[in-house]
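Remarks on the structure that follows.
Coordinate-derived values only; no laboratory data. In this text the structure is predicted, and so the values were computed from the model without any measurement. Counting neighbours? That spans all protein chains shown, and the Cβs are built from the backbone with ideal geometry, glycine included.
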Amino acid sequence: MFPPAAPDQSRSAWLRRYGLVLALGLVCGGLAVVKPTFFTTANLVNILRQVSINGLLAVGVTFVLLTGGVDLSLGSVVALTGVVAASLAQPEDGPVIVAVAAGIGAGLACGLVNGLLVARARVAPFIATLGMMTAARGLALVLSGGRPVSNLVPGFTALGGDRWGAPVPTLLLAGVTLLAWVFLNRTRWGRHLYAVGSSEAAARVAGVSVVGIKLFAYGVCGALAGLGGVVLAARITTGQPNAGIAYELDAIAAVVIGGTSLSGGEGGVGGTILGVLLLGVINSALDQLNVSAYYQQIIKGAIIVGAVWLDQRARRKD
C-alpha cells in the first residue's frame, strides 16, 4: 500500500480542485452582504450576458493553451469578424445565416493562419499571433473604412437578445462549453491535444499528428473568436472595427485563473468557465461599488498575477 499523502500535499490538491469554487462563493457571498440587490434575477442574468463573449473566447483559447501555445489576436479577430458579419447583415443582402457563417469562417481562417505559422513555419506563438493581431485589426479598418457598419437586419441583432427567457449569447456559450468538454474528455483527439501540450516529442513518437492537433486548436480558437465577434456585433447592433481591444487578455486571464497551465497539457473548460464567472462577478462587484475604472485595471492585474503565482506554487509542491 502507498503511504498516505502528506497534509501539505492534501491541502494543495484540495485547493487546486475546489479553491476556485470557494473563491467564487466567497466573492458572491460578500457581495450579497454589501449589495442585497446582487442576487436578483435581473442582475444575475445581466452578469451571464456580459461574460458570454469572454466565455466564448476563453473556451477557444483553452484549446491553444493546452497545446502549450497562446493567441494574442483574439480581440482583433473579434473586430474583423464583427465587421465581416455586419457587412453581410444588411437589408439588401441574403439570409442571416450567411452573415453568421462568414463571420465564423473569417475567424476560422485567421486561426488556421496562426496554426500554420506556429506548427508548420515554427514561428513562436507569441510572435505569430501578435502579427495576426495587427493584421486583423488593420483589415477590419480597411473593410469598414474606419467607420462602424450599422443598419443591421433584426434577424441578425436577435443573436444578441433573449430567447426562451434567457440571453442568446449565454445559451450559445453553454452549448459551446458542453461540446468542448465532451471533445476534450471523451474523444481521442482530445487526449491527443493534452499529449501534445505535455510533450510534443513523446506525442510524436506515439504517432500523434502534432501539426494537425495544433492546426485544429488554433482553428477552434479562431472560429470561436469569430462567433464572439458575431455575437458582439449583434449585441451592439454595429460592426465596430475598434471593438475587442484587450479582449484576449481577459480571455487568457480567465483560462489561467481556471487552472489551465501556461506550459500546456493540464486544465480544461470546466475551470475556464469558473474563471470567466469569477472575473465577471468581480467586474460586476467593482462596478456596483463605484470603483474607478483605473483602479479596476490594477485590481484585475493583481488577481491575474496572484492566480498564476498560486498555481505555480501548487505545482512545485506536487
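Taking other C-beta atoms within 10 angstrom as a stand-in for reagent exposure, Tyr295, Tyr194, Tyr218 fall in the order Tyr295, Tyr194, Tyr218, fewest first. Along the positive direction of the dipole of the stretch 31-317 (beta-carbon charges: Lys, Arg +1; Asp, Glu -1; about the Cα centre), which of Leu130, Gly161, Ser76 reaches farthest? Result: Leu130, furthest along the dipole toward the positive end. Return the single residue from Gly268, Gly69, Gly301 with maximal mean-square fluctuation; model: Gaussian network over the chain, springs between Cα atoms under 10 Å. Looking only at Gly268, Gly69, Gly301, the largest GNM fluctuation is found for Gly301.
Here the Gaussian network model covers the chain, with springs between Cα atoms less than 10 Å apart; of Leu278, Leu143, Leu26, Leu26 fluctuates the most.
Once a ≥ b ≥ c are taken as the square roots of the eigenvalues of the Cα gyration tensor of the stretch 125-185, is the result rounded (a/c under 1.5), prolate (a/b larger than b/c) or oblate (a/b not larger than b/c)?
Working: a/c = 4.50, a/b = 1.18, b/c = 3.81.
Since a/c reaches 1.5 but b/c is at least a/b, the shape of the stretch 125-185 is classed as oblate.
Charge dipole of the stretch 31-317 (Cα centre as origin; +1 on each Lys and Arg Cβ, -1 on each Asp and Glu Cβ, all else neutral): 720 debye, rounded to the nearest 20. If you build a Gaussian network model of the chain, linking Cα atoms that sit under 10 Å apart, which residue out of Leu56, Leu20, Leu108 swings the most? Most flexible of the set in this elastic network: Leu20. Of the residues Thr187, Thr62, the one with the fewest other Cβ atoms within 10 Å heads the list, and the complete ranking is Thr187, Thr62.
Any idea what % of Cα-Cα pairs in the chain are farther than 27 Å? Walk me through the numbers on the way to the answer.
Working: 22804 of 50403 pairs.
Tail fraction, whole percent: 45.
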